[in-house]
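Below is one structure, written out as structure tokens; comments come after it.
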Amino acid sequence: MAGAEQDCDQQLRQARDLEAANRRPEAALIYGELLAGPKHVEALQALGRISFENGDLEAAQYFFGEALKIVPDFVEGLHLRGVALMRLGQNEPALECLERAVQLDPDGCEAILNHATLLLELNRPHQALAGLDRALVVEPDNAVAWNNRGNTLVALGRLEEGIASYDRALALDPQLQAALHNRFYCLLSLRRVDRIADFAARQVFDQVASRYDEMVRDELHYRAHQDLRALASRVAGFPAPPLRILDLGCGTGLAGECFRDLACGGRLAGLDISPAMLREARKRGLYDELIVADFETFLSRLGPAYDLILSADAIVYLGDLGATFAGVAKRLEPDGIFLFTCEAKAGDGWELTEANRFRHSEAYLRGEAERAGLSWLEAVNCIPRYERAAPVAGLAVALKRAPR
């Protein structure tokens, strides 16, 4: 018996050393061997940890569950089993584990945080907020806790306080993507954004890319690209082909099809925030270059100049157009043309629509064009698309860069 215990202890030491050296698969094999006889609690605990770190949540919750049968007050096992069960969608047993972990270790910030997060998922925001405030007493600089507190306040309808919590999270961790995203959507709910965030636009268009053409044709009766080509034929002094053309917000390439003939012998580049849309555009075989970027960043860089920059129904995701117009002026050749469509607004300025797009007044467009050094050539009323079976009032606009 003593010899068996010595062998077991030696195996444990070997497994611990391997785990410490981040050689988890080898460590797991040895821990697994220890389970061949009477169940060894340390082996169960270790296999639970290794499974959890490897993302095998089902195995993790099983091994921790077996360990807890032997050591019911194993706090780490209660916590991690609760998290594994939560991620598996088994919320009630997860809640039991996390509640017990918090009872046993009242200062365990991570367990308190995960318990509160689960309470929010279970639509118990008041209890979740109390838990998050408790976690922040223990660890005031926990950015994730501040982010989750923001989520809880938003669920309670306290949006301004939610923004303050997101701001605190980002002050602690400026790269915390969840807080950046949540803050944007909170501001969007308050109608206090001047653009649709890149990540939000990318997510939407990546999801619809494969069916985009059919959707805009059959549901939206989309024709912004055709409106721009019609406007091009009306503009006096339009540059003669072959042209170097940049298609801003090119999507799947509908505008590129309308203008490709003008780029024959020149160059046609397409730019879009959505990689999935550009994959669809590539299938058309129209573009000489396809670029994943947002308008403002790309246009502000040093790079080639274009004879024609066009944007069909993409300006609608920007409210403040100052940086975009300045970038267009920077990247146009002298006498180069900028064609775009937008949603039309009466009066002055711009506004966010109920559909989370922006509409712009002619007065605003003229003012921004002048500030950017672009002269106004022409604007015509158009219907770039329909929404909910109703036509959307729009403008097709032509601007020109002054010669040097």
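Data table
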read-out	value
Check on A314, of a type in the set (G, A, S), exposed (fewer than 15 other Cβ atoms within 10 Å of the Cβ), under 24 Å from Y222 (Cβ atoms) and in contact (Cβ under 8 Å) with a residue 12 or more places away in the chain	no
Conditions (1) over 22 Å from R331 (Cβ atoms); (2) modelled with pLDDT of 95 or more; number of the one not met by S233	(2)
Failed item in (1) surrounded by 14 or more Cβ atoms within 10 Å (Cβ to Cβ); (2) assigned to a helix (DSSP H, G or I), with F199 passing the rest	(1)
Qualifying residue in segment 137-151 (condition: without any contact (Cβ under 8 Å) to a residue 60 or more places away in the chain and under 30 Å from E42 (Cα atoms))	yes
Of all residues making up segment 317-372, the number that are assigned to a strand (DSSP E or B), crowded, with 17+ Cβ neighbours inside 10 Å and either on the phi > 0 side of the Ramachandran plot or touching a helix residue (DSSP H, G or I) at 6+ places or on another chain (Cβ under 7 Å) (or both)	9
Failed condition for P174, given (1) over 18 Å from the mean Cα position of the chain (by Cα); (2) in a loop (DSSP other than H, G, I, E, B)	(1)
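Here's the yes/no breakdown for (1) of a type in the set (S, T, Y); (2) modelled with pLDDT of 95 or more; (3) closer than 30 Å to W146 by Cα; (4) surrounded by fewer than 17 Cβ atoms within 10 Å (Cβ to Cβ):
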{"site": "L29", "(1), (2), (3), (4)": "no, no, no, yes"}
{"site": "E33", "(1), (2), (3), (4)": "no, no, no, yes"}
{"site": "L44", "(1), (2), (3), (4)": "no, no, no, no"}
{"site": "L78", "(1), (2), (3), (4)": "no, yes, yes, no"}
{"site": "A84", "(1), (2), (3), (4)": "no, yes, yes, no"}
{"site": "R87", "(1), (2), (3), (4)": "no, yes, yes, yes"}
{"site": "V102", "(1), (2), (3), (4)": "no, yes, yes, no"}
{"site": "D107", "(1), (2), (3), (4)": "no, no, yes, yes"}
{"site": "H126", "(1), (2), (3), (4)": "no, yes, yes, yes"}
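Residues are listed down the side, and each one gets a yes or a no for (1) in contact (Cβ under 8 Å) with a residue 40 or more places away in the chain; (2) of a type outside the set (G, A, S):
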| site | (1), (2) |
| --- | --- |
| R217 | no, yes |
| A263 | no, no |
| G270 | no, no |
| D294 | yes, yes |
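Residue by residue, here is whether (1) within 24 Å of the chain's Cα centre (by Cα); (2) in the same structural domain as L243 (by TED's automatic domain parsing); (3) farther than 23 Å from C258 by Cβ; (4) charged (D, E, K, R) holds:
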{"site": "R301", "(1), (2), (3), (4)": "yes, yes, yes, yes"}
{"site": "L310", "(1), (2), (3), (4)": "no, yes, no, no"}
{"site": "A326", "(1), (2), (3), (4)": "no, yes, yes, no"}
{"site": "D335", "(1), (2), (3), (4)": "no, yes, no, yes"}
{"site": "K345", "(1), (2), (3), (4)": "no, yes, yes, yes"}
{"site": "W376", "(1), (2), (3), (4)": "no, yes, no, no"}
{"site": "V380", "(1), (2), (3), (4)": "no, yes, no, no"}
{"site": "A396", "(1), (2), (3), (4)": "no, yes, no, no"}
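The values are calculated or read from the model by the stated rules, or taken from the named source; none is laboratory data. Computed from a predicted structure; not experimentally measured. Positions of Cβ are generated from backbone atoms using ideal geometry, with glycine treated the same way; all protein chains shown enter the neighbour counts.
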